[in-house]
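Worksheet for the structure shown next.
The values are calculated or read from the model by the stated rules, or taken from the named source; none is laboratory data. Predicted, not measured: the structure shown is a model, and the values here were computed from it. Note that we place each Cβ from the backbone using ideal geometry, even for glycine, and neighbour counts take in every protein chain shown.
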């Protein structure tokens, strides 16, 4: 990676990552830019040089390179082909040379490694007389204190001017709370210094920013001659924090801040000798785009290349971003740029004239978008909008522009004006006119009709937009994928949506709708989301839907859902038929009756704190609360997505005894081949934590634990497990310290049971459980191919398959289907089957299972094969109506969080995918956010104390991150779905949540009375299933939108 360039632009220095430590640099190189030849500045036999080395600057003749060797300040002499160490100030052992004059006389840098200070961040300024043998040079009156008046023993020198007079320095670079950091220019002639961006009363040490809102200078860079400085100004204005570029003239001490709205999060990184600032954005991200400042405007480097030189940056370099300029030659014709520091991509560009001269030929109004898109096809023209990336004004008139077809048709233009409420959008409005089919229409806005808002000298080039007229008929489907009447196993968003191709570019309406039906039923299986791109419309269920073999399906795209891009010519209804082909795979996992690894918390367990005791301070620090956490999620600090369930017995009452319960919902144990397995451990080795497991036989459904039901567990249940647990090798870690426990459940064969974990310890620590499973070890596996949820159905035919997993050859099979009242619906008897291990037998009961609307209809299939007997129990939810499933995403975010745009992009993608079925809530509690007041406890409740931003609690099931970074051949990229073996991301979890059915609709209509400041929230909960003895909690969140702030982008 190129680190710097000589002042004359003829030489560059570079290095790479250390093979042993990513935080250090190695493999120093000198590059002759005139011949593009590279010289290694290290002995390949010397591992110590290779593993820790920095190159920082080079003289104009390439004879001296400065930097560090093995952590000590050093220079490379080309004549000797060797490095030589430089002295350090007294009591300082290490350091680095940061800058050298182009003639090689003087150098400046930093000394580190003062063991007496016991501070690894301590630094001391250093200057060397290289021509005089490398001796240290005294610099009287350098500032020692930070802005608050504290000597932090942290001072560095960044650059020295070509004549050796001016030095750019920094004091207290890492001290931001309170702000101590400042940058300054030291004048060796006057032996005095002046801060950049501030005035200071040195006698009273009183600091005043030169611009309102300036908090501190975050970084600074001086030109070669010592005329100017640019850098990063950190601002706080109107409740927002952001970065701005600046220019500081050394001779006059003039500080100029570039505080335009669109330059927020720009940063100056290089400045030419004549004061041209080269900036890049975003400041908080190593992957940037760079621009130059000229006559009050910013010109993108890629824009200069394309408009002035006719070059496409990406095609010529293969890079996606133009990067960060790090050095510019004295003549302004050579610029060194780091394109992607993460992947060590860089380049040097030579231009025939200074870039600021090239800007005279750049049209700042070249970047715009047109709606409807250029080249679109439609029948009715109402308006055309042209959107620029800068504020504009119209200086031409209506008579200047034209719109006509190749056949001479001229729809009437009514208005050529700025769009209402916009400073960037120009709108051409027509009297509604039908375009003639097949004719090509052209809009022409001559050059000079539109200018920058405050500069009429900056005008547009001629703008031409073409459209094709079409018949004034409904948009029509020309193709569908998958093909009509084909066999389809699944329809989903990610891999197999239904895609309609239309005869022109299209848009969807606010009332667009589609649905999936199964033949023989009037009610749809589900509604389908709709997405559009150009002339293609994708429809898909928010929950992936299987299309089962033996059933026929149809996808209906309703009339008026799709229009041309102007909103006209809505489609006719289209029905696409498919033949179901999905057969559920019978796997060993089908032997699982129940499992819970608690990674989504303990919310799906039945819980009760039956002791009501107050946890001790130690337990409170772990997150336990009185009554609210009988059992709660616990995790290792370095693995917050791998959770277990824990319960404590350490209370403020030192003699307190726990009575905390955690139970499964009702389980059916089909036969005597079932076992319970789980992992267990305790917290403190000195304590005697015992875990109990109680099984209660009970046919009645339990929706919540009560003291009365717990009493049933104690008096009627059976304790099947009671053992003392241990913390394993470490009290501080869960990983690898678990003990696997196994409990036989044969005595509960044929019974409905509840399995509860009971903490009844007195004055102990914590018991923990993970990876709980109830396993059915059977020779015959049953798989059902019916939907688990239907809507308003009278009955359903039960069908499926039986896999011979183990045992002897099966000759005869008897299958009996029973309904919820244990009444036989039908019996199937088959003989002479000769089924070997691995064979599958397909079955279907001819008599349908009757269903009750609004209930979970349980059924049982008993299977007899010789001496082998087993029962399969399941249920079908027959909804009275189809509720809308929604997913709530509560996001931890903030305007000062550089990574939080990853969350913004992910939410936009999820909203595009699922529409209003996704409910995002942005909780601005990131450090320093102006909207964080009063939300600290809520943040901790939702995200815990260790989650970083951006993260989100999704449906209150757990905390996850939005994207993952991956390294590709073209650079660093981000993905929305977790790579294999990684923790799930937002998109993964949301998809999982949509695959979990919901049984209720909630209707809310908030009403606010401004006079009384009263907010009423009438809400209605409508259940699609009959719910008994269910506690329903309604949680309301009041949100506010249109809060404008400036987002950091890192």
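Quick check, is residue 317 at pLDDT 95 or above and either out of contact with any helix residue (DSSP H, G or I) (no Cβ under 9 Å at 6 or more places or on another chain) or assigned by TED's automatic domain parsing to the domain that holds residue 15 (or both)? First the steps, then the outcome.
On the way: at pLDDT 95 or above: no; either out of contact with any helix residue (DSSP H, G or I) (no Cβ under 9 Å at 6 or more places or on another chain) or assigned by TED's automatic domain parsing to the domain that holds residue 15 (or both): yes.
For residue 317, the condition - at pLDDT 95 or above and either out of contact with any helix residue (DSSP H, G or I) (no Cβ under 9 Å at 6 or more places or on another chain) or assigned by TED's automatic domain parsing to the domain that holds residue 15 (or both) - is not met.
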Problem - Number of the exception - residue 771 against (1) crowded, with 21+ Cβ neighbours inside 10 Å; (2) assigned to a strand (DSSP E or B); (3) in the same structural domain as residue 657 (by TED's automatic domain parsing) - result: (1)
Fill in the blank from the handout: Flagged in segment 473-485 as in contact (Cβ under 8 Å) with a residue 60 or more places away in the chain and either part of a loop (DSSP other than H, G, I, E, B) or within 28 Å of the chain's Cα centre (by Cα) (or both), in numbering order, are 473, 474, 475, 476, 482, 484, 485
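Kindly indicate the residue of segment 406-433 that is over 44 Å from the mean Cα position of the chain (by Cα) and buried (at least 16 other Cβ atoms within 10 Å of the Cβ) and also nearest to residue 460 (Cα to Cα) among those meeting that condition.
The selected residue is 413.
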Fill in the blank from the handout: Flagged pairs (Cβ under 6 angstrom, 6 or more apart or on separate chains; first in segment 893-904, closer than 15 Å to residue 241 by Cα; second part of a helix (DSSP H, G or I) and at pLDDT 85 or above) are 893/903
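Looking at segment 819-827, can you tell me whether even one residue there is outside the structural domain of residue 950 (by TED's automatic domain parsing), touching a residue at least 12 places away in the same chain (Cβ under 8 Å) and within 50 Å of the chain's Cα centre (by Cα)? Lay out the reasoning, then the answer.
Of all residues in segment 819-827, those outside the structural domain of residue 950 (by TED's automatic domain parsing) come to 819-827.
Filter once more, so that each one left must be touching a residue at least 12 places away in the same chain (Cβ under 8 Å): 819-820, 822, 825-827.
Going one step further and asking which of them are within 50 Å of the chain's Cα centre (by Cα), we end up with 819-820.
Yes, segment 819-827 contains at least one residue that is outside the structural domain of residue 950 (by TED's automatic domain parsing), touching a residue at least 12 places away in the same chain (Cβ under 8 Å) and within 50 Å of the chain's Cα centre (by Cα).
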Problem - residue 538, sole failed condition from (1) free of Cβ contacts under 8 Å to residues at least 60 places away in the same chain; (2) over 24 Å from residue 993 (Cβ atoms) - result: (2)
Exercise for the section: Name the residue, out of 604, 519, that is surrounded by fewer than 15 Cβ atoms within 10 Å (Cβ to Cβ), under 29 Å from the mean Cα position of the chain (by Cα) and touching a residue at least 24 places away in the same chain (Cβ under 8 Å). Expected result: 604
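Condition check: under 29 Å from the mean Cα position of the chain (by Cα), farther than 30 Å from residue 368 by Cα, in contact (Cβ under 8 Å) with a residue 24 or more places away in the chain and not assigned by TED's automatic domain parsing to the domain that holds residue 797. Does residue 488 satisfy that? Reasoning before the result, please.
Details: under 29 Å from the mean Cα position of the chain (by Cα): no; farther than 30 Å from residue 368 by Cα: yes; in contact (Cβ under 8 Å) with a residue 24 or more places away in the chain: yes; not assigned by TED's automatic domain parsing to the domain that holds residue 797: yes.
In short, no.
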Problem - Every residue from segment 399-414 that is out of contact with any helix residue (DSSP H, G or I) (no Cβ under 8 Å at 6 or more places or on another chain) and within 20 Å of residue 449 (Cα to Cα) - result: 399, 400, 401, 402, 403, 404, 412, 414
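For every residue, the table says whether it meets (1) under 27 Å from residue 8 (Cβ atoms); (2) without any contact (Cβ under 8 Å) to a residue 40 or more places away in the chain.
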{"site": "129", "(1), (2)": "yes, yes"}
{"site": "136", "(1), (2)": "no, no"}
{"site": "142", "(1), (2)": "no, no"}
{"site": "151", "(1), (2)": "no, yes"}
{"site": "164", "(1), (2)": "yes, no"}
{"site": "175", "(1), (2)": "no, yes"}
{"site": "197", "(1), (2)": "no, no"}
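Is it the case that residue 330 is more than 18 Å from residue 267 (Cα to Cα) and buried (at least 17 other Cβ atoms within 10 Å of the Cβ)? Show your work before the answer.
Numbers: more than 18 Å from residue 267 (Cα to Cα): yes; buried (at least 17 other Cβ atoms within 10 Å of the Cβ): yes.
Spelling it out, residue 330 is indeed more than 18 Å from residue 267 (Cα to Cα) and buried (at least 17 other Cβ atoms within 10 Å of the Cβ).
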Problem - Index of the failed condition, residue 808 passing every other in (1) modelled with pLDDT under 90; (2) surrounded by fewer than 16 Cβ atoms within 10 Å (Cβ to Cβ); (3) under 15 Å from residue 782 (Cβ atoms) - result: (3)
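Across segment 634-658, what is the total count of residues that are out of contact with any strand residue (DSSP E or B) (no Cβ under 9 Å at 6 or more places or on another chain) and either in a strand (DSSP E or B) or surrounded by 22 or more Cβ atoms within 10 Å (Cβ to Cβ) (or both)?
Narrowing segment 634-658 to residues out of contact with any strand residue (DSSP E or B) (no Cβ under 9 Å at 6 or more places or on another chain): 637-639, 653-654.
Pick out the ones that are also either in a strand (DSSP E or B) or surrounded by 22 or more Cβ atoms within 10 Å (Cβ to Cβ) (or both) and you get 639.
Total satisfying the criteria: 1.
Let's see how each residue does on (1) within 44 Å of the chain's Cα centre (by Cα); (2) buried (at least 18 other Cβ atoms within 10 Å of the Cβ); (3) at positive phi:
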{"site": "660", "(1), (2), (3)": "yes, yes, no"}
{"site": "664", "(1), (2), (3)": "yes, yes, no"}
{"site": "673", "(1), (2), (3)": "no, yes, no"}
{"site": "684", "(1), (2), (3)": "yes, no, no"}
{"site": "688", "(1), (2), (3)": "yes, no, no"}
{"site": "701", "(1), (2), (3)": "yes, no, no"}
{"site": "723", "(1), (2), (3)": "yes, no, no"}
{"site": "735", "(1), (2), (3)": "yes, no, no"}
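Table: residues versus (1) in contact with a strand residue (DSSP E or B) (Cβ under 6 Å, 6 or more places away or on another chain); (2) outside any helix (DSSP H, G or I); (3) modelled with pLDDT under 85; (4) buried (at least 20 other Cβ atoms within 10 Å of the Cβ).
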{"position": "3", "(1), (2), (3), (4)": "yes, yes, no, yes"}
{"position": "8", "(1), (2), (3), (4)": "no, yes, no, no"}
{"position": "20", "(1), (2), (3), (4)": "no, yes, yes, no"}
{"position": "23", "(1), (2), (3), (4)": "no, yes, yes, no"}
{"position": "28", "(1), (2), (3), (4)": "yes, yes, no, yes"}
{"position": "38", "(1), (2), (3), (4)": "yes, yes, no, no"}
{"position": "43", "(1), (2), (3), (4)": "no, yes, yes, no"}
{"position": "48", "(1), (2), (3), (4)": "no, no, yes, no"}
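Okay, residues lined up against (1) more than 30 Å from residue 380 (Cα to Cα); (2) assigned by TED's automatic domain parsing to the domain that holds residue 397; (3) surrounded by 15 or more Cβ atoms within 10 Å (Cβ to Cβ):
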position	(1), (2), (3)
442	no, yes, no
465	no, yes, yes
507	no, no, yes
513	no, no, yes
524	yes, no, yes
528	no, no, yes
Completion exercise
Selection over segment 320-336 where residues are modelled with pLDDT of 90 or more, touching a helix residue (DSSP H, G or I) at 6+ places or on another chain (Cβ under 8 Å) and over 22 Å from residue 295 (Cβ atoms) yields a count of 1
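Evaluate the following for residue 221: is it at negative phi, in contact with a strand residue (DSSP E or B) (Cβ under 7 Å, 6 or more places away or on another chain), assigned to a loop (DSSP other than H, G, I, E, B) and surrounded by 19 or more Cβ atoms within 10 Å (Cβ to Cβ)? Write out each step before concluding.
Working: at negative phi: yes; in contact with a strand residue (DSSP E or B) (Cβ under 7 Å, 6 or more places away or on another chain): yes; assigned to a loop (DSSP other than H, G, I, E, B): no; surrounded by 19 or more Cβ atoms within 10 Å (Cβ to Cβ): yes.
Against the criterion (at negative phi, in contact with a strand residue (DSSP E or B) (Cβ under 7 Å, 6 or more places away or on another chain), assigned to a loop (DSSP other than H, G, I, E, B) and surrounded by 19 or more Cβ atoms within 10 Å (Cβ to Cβ)), residue 221 does not qualify.
Give the residues of segment 1005-1047 that are modelled with pLDDT under 75, surrounded by 11 or more Cβ atoms within 10 Å (Cβ to Cβ) and closer than 30 Å to residue 893 by Cα, sorted by residue number. Talk me through it step by step, then tell me what you get.
We begin by selecting, within segment 1005-1047, every residue modelled with pLDDT under 75; these are 1027-1033, 1044-1046.
Next, from what is left, pick out any that are surrounded by 11 or more Cβ atoms within 10 Å (Cβ to Cβ): 1027, 1030, 1045-1046.
Passing the criteria: 1045, 1046.
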Practice task
Return the total of residues in segment 818-859 being part of a strand (DSSP E or B) and farther than 19 Å from residue 793 by Cα.
Solution key: 11
Exercise for the section: Identify the residue in segment 612-632 that is buried (at least 19 other Cβ atoms within 10 Å of the Cβ) and closer than 24 Å to residue 664 by Cβ and, among all such residues, is nearest to the chain's Cα centre (by Cα). Expected result: 632
Practice task
Assess whether residue 542 counts as being within 36 Å of the chain's Cα centre (by Cα) and closer than 30 Å to residue 383 by Cβ.
Solution key: no
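Do the conditions hold for residue 594, that is, is it assigned by TED's automatic domain parsing to the domain that holds residue 734, modelled with pLDDT of 90 or more and either surrounded by fewer than 21 Cβ atoms within 10 Å (Cβ to Cβ) or more than 29 Å from residue 788 (Cα to Cα) (or both)?
Working: assigned by TED's automatic domain parsing to the domain that holds residue 734: yes; modelled with pLDDT of 90 or more: yes; either surrounded by fewer than 21 Cβ atoms within 10 Å (Cβ to Cβ) or more than 29 Å from residue 788 (Cα to Cα) (or both): yes.
When the stated conditions are applied, residue 594 passes them.
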Handout entry: Candidate set from segment 199-218 (those that are within 31 Å of the chain's Cα centre (by Cα) and assigned to a strand (DSSP E or B)); member that is surrounded by the most Cβ atoms within 10 Å (Cβ to Cβ)
Key = 217
Completion exercise
Of the residues in segment 224-249 that are in contact (Cβ under 8 Å) with a residue 40 or more places away in the chain and not in a strand (DSSP E or B), the one that is farthest from residue 290 (Cα to Cα) is 239
